[in-house]
1. Give me the Kirkwood hydrodynamic radius of region 137-269, using the inverse of the mean 1/r over all pairs of distinct Cα atoms, in Å to one decimal.
2. Give me the extension gain from Phe34 to Leu250: residue separation times 0.36 nm, minus the current Cα-Cα distance, reported in nm with one decimal.
3. Per DSSP helix of 4 or more residues, -39500 (n - 2.57); summed, then divided by the residues of the chain. What does that give at 222 nm, rounded to the nearest 500?
4. Translational D (Stokes-Einstein, µm²/s) of region 309-455 at 4 °C and 1.567 mPa s when Rh comes from the Kirkwood sum over C-alpha pairs?
5. On a full-extension model of 0.36 nm per residue, what is the gain between Val116 and Ala441, subtracting their alpha-carbon distance, rounded to one decimal in nm?
6. Among Ala344, Val245, Trp296, whose Cα sits farthest toward the positive end of the charge dipole of region 230-378 (+1 at Cβ of Lys/Arg, -1 at Cβ of Asp/Glu, about the Cα centre)?
7. Tell me, what HN-Hα J-couplings in whole Hz come from the Karplus equation 6.51 cos²θ - 1.76 cosθ + 1.60 at θ = phi - 60° for each residue of region 434-448, using x for Gly and Pro?
8. Given labels modelled 7 Å from the Cα in the Cβ direction, how far is it in nm from Leu427 to Ala171?
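The values are calculated or read from the model by the stated rules, or taken from the named source; none is laboratory data. As the structure is a prediction and not an experimental result, all values here were calculated from the model. When we count neighbours, we look across all protein chains shown, and the Cβ atoms used for this are built from the backbone with ideal geometry, even at glycine. The area values use the complete protein model at the heavy-atom level, side chains included, leaving out ligands, DNA and RNA. Shrake-Rupley method; radii C 1.70, N 1.55, O 1.52, S 1.80 Å.
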Amino acid sequence: MTPPAPSTAPDDATAAPPPVSFWQAFAFWLKLGFISFGGPAGQIAIMHTELVERRRWISEKRFLHALNYCMVLPGPEAQQLATYIGWLMHRTAGGIVAGALFVLPSLAILIGLSWVYIAWGEQPLVAGLFYGIKPAVTAIVVQAAHRIGSRALKNNTLWGIAAAAFVAIFALGVPFPAIVLAAALIGYVGGRVAPAQFQAGGGHGKAKASFGPALIDDATPTPAHARFAWGRLAAVLAAGAVLWVLPMGLLTASLGWNHTLTQMGWFFTKAALLTFGGAYAVLPYVYQGAVGHYGWLTPTQMIDGLALGETTPGPLIMVVAFVGFVGGYVKALFGPESLFLAGAVAACLVTWFTFLPSFVFILAGGPLVESTHNDLKFTAPLTAITAAVVGVVLNLALFFGYHVLWPQGFAGTLEWPSALIAVAAALALLRFKRGVIEVIAASAVLGLVVHLLRG
């Protein structure tokens with residue numbers, strides 16, 4: 001009789017857990033890719049529960065040490081944390097598998113949903129559901145501004161930076177990268193002139209709990225592959241450069257620099273390097289480029305794409321896959337007979353260029369982080385950037401609200417059913433602390449009812 005496979009969740013809290021094979025970890029990362037709902041906070045909570053508390057693959061202190069590093073980087077911190085832990089456990093292959101499986105289920109689901117949306121979005125059922133989802137998304141973005149602001153704006157200086165960022169993007173149309181650069185400069189100078197004003201308002205603090213011995217415990221020596229070496233750093237950076245230059249070079253050589261796919265690759269590379277503060281912070285930049293400059297999709301489609309991103313597992317920044325799909329589909333890049341193929345290829349392409357930097361950051365910077373187990377210090381420039389992000393996200397909420405509540409512009413009438421749904425969604429999120437998925441589902445049903453009654 002074949003003995004049962006050993007469990008990766010130890011029953012004895014005083015004993016160290018058994019070693020975890022690559023394929024056992026693979027199974028977990030695959031499962032995580034399908035259940036990682038709830039945005040970065042929910043995704044990090046899931047990983048903490050599974051990896052620190054239940055399975056004890058990594059200690060609380062080492063988990064938070066890795067998370068603090070990921071919080072400093074541009075990019076989706078939950079996906080980067082999975083990559084980091086996978087790399088620490090099973091070398092480069094483990095990191096790539098953990099990070100990729102965090103994204104691939106979401107990519108596949110979003111390609112399917114984007115196809116349904118763009119091909120059948122005018123059908124009464126689909127149109128009714130999205131009628132209710134749009135105002136809910138506006139409320140969700142307001143909640144995001146409140147959540148980031150309550151954590152980041154701890155004094156009048158940071159409030160002033162947030163207000164200046166709002167005025168810059170709302171009234172003056174300053175590009176998001178310029179706002180990030182200006183905030184970083186203010187933080188750099190201010191951190192030296194008045195350091196108390198630029199202390200981090202948030203963060204994930206210090207380890208406060210122990211759940212028993214972990215496979216990678218506080219005192220576990222750094223494995224050989226995770227120790228810093230100049231040769232290894234150079235190899236990772238060279239590999240990352242090749243993986244970016246090769247597809248970008250092929251696109252440019254075969255299609256030309258001005259082709260939609262080439263421009264998508266270039267644009268989303270820049271977007272990947274600007275995601276300080278999470279996906280909501282970079283969405284205004286994506287809007288400025290994808291909607292305003294390139295015309296890959298409409299403002300309404302952008303709102304709908306964010307709704308789809310909120311209801312699928314994986315990082316919220318995966319909304320870029322929707323942007324790519326709609327842009328490729330609408331532009332009919334491969335001809336009118338291959339619309340789905342064009343959309344799917346564009347979605348995969350923008351996902352590649354969006355997430356490639358995250359893998360390079362972890363695989364190149366991980367050994368530097370592992371060289372010390374002291375807590376990383378949040379820098380003053382990043383504190384200022386986070387404050388500026390609050391103003392930028394508030395502008396995004398107003399932008400969404402304008403297009404949802406006055407779809408024909410201020411010259412038209414207020415779409416009062418949408419306004420009521422938005423208010424109800426905001427109350428559910430901010431006052432009653434309901435989950436995003438619940439709010440979107442309830443709003444979708446209300447929107448369908450309104451649409452059918454009108455219809």
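1. 20.2 Å is the Kirkwood radius here.
2. Residue separation times 0.36 nm, minus the Cα-Cα distance, leaves 74.5 nm.
3. -22500 deg cm²/dmol
4. Calculated translational D: 66 µm²/s.
5. 115.3 nm is the gain from fully extending Val116 to Ala441.
6. Value computed over the given set: Val245.
7. Coupling constants for region 434-448: 6, x, 4, 4, 4, 5, 5, 4, 5, 5, 4, 5, 4, x, 5 Hz.
8. 3.3 nm
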